[in-house]
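A short write-up of the structure that comes next.
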Amino acid sequence: MVEQSPELIPHHEPRQQGTEGPWTIWHYRGAEIRTTGATTKLRLAGHPYDGLTGFSFEQALKLVDGWLNHQRLPKPFVWP
């Protein structure tokens, strides 16, 4: 991955922030997404899946987009 100045990276592009232990840390639209390659953890205040794991990196991006754009979760995710 080629490093770019933060001002040049579009807001809706995941930005790799570094690593911590087994985690690769990404920031995306105000969310922190941590992934080991085998599991992903989402951190986004107010999101129903904040702090949870068990989905892919791509699914985490969709969860963030669905919540921020429409205040709902994309299929197949549900929340009672």
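The values are calculated or read from the model by the stated rules, or taken from the named source; none is laboratory data. In this text, all values refer to a predicted model and were calculated from it rather than measured experimentally. All Cβ positions, even for glycine, are placed from backbone atoms using ideal geometry, and neighbour counts span all protein chains on display.
Considering only the stretch 56-80, state which residues are under 19 Å from Gln16 (Cβ atoms) and part of a helix (DSSP H, G or I). Let's see the steps before the verdict.
As a first pass, look at the stretch 56-80 and keep what is under 19 Å from Gln16 (Cβ atoms): 56-65.
Phe57, Glu58, Gln59, Ala60, Leu61, Lys62, Leu63, Val64, Asp65 - these are the residues of the stretch 56-80 that are under 19 Å from Gln16 (Cβ atoms) and part of a helix (DSSP H, G or I).
Looking at the stretch 7-21, which of the residues that are out of contact with any strand residue (DSSP E or B) (no Cβ under 7 Å at 6 or more places or on another chain) and either assigned to a helix (DSSP H, G or I) or at pLDDT 95 or above (or both) is farthest from Gly66 (Cα to Cα)? Break it down stepwise before answering.
Initially, the stretch 7-21 is screened for residues out of contact with any strand residue (DSSP E or B) (no Cβ under 7 Å at 6 or more places or on another chain), giving 7-8, 10-13, 20-21.
Cutting the leftovers down to either assigned to a helix (DSSP H, G or I) or at pLDDT 95 or above (or both) gives us 7-8, 20-21.
Working: Glu7: 25, Leu8: 24, Glu20: 27, Gly21: 29 Å.
Per the criteria, the residue is Gly21.
Applying the condition of being hydrophobic (A, V, I, L, M, F, W, C) and in contact with a Lys or Arg (Cβ under 8 Å, 6 or more places away or on another chain) to the stretch 61-76 and asking which residue is surrounded by the fewest Cβ atoms within 10 Å (Cβ to Cβ) yields Leu68. For first residues located in the stretch 32-55 and outside any strand (DSSP E or B), partners that are of a type in the set (A, V, I, L, M) and lie 6+ apart or on another chain with Cβ distances below 7 Å form the pairs Leu44/Ala31; Leu44/Val64; Pro48/Leu73; Tyr49/Leu42; Tyr49/Leu63; Asp50/Leu42; Asp50/Leu44; Leu52/Leu42.
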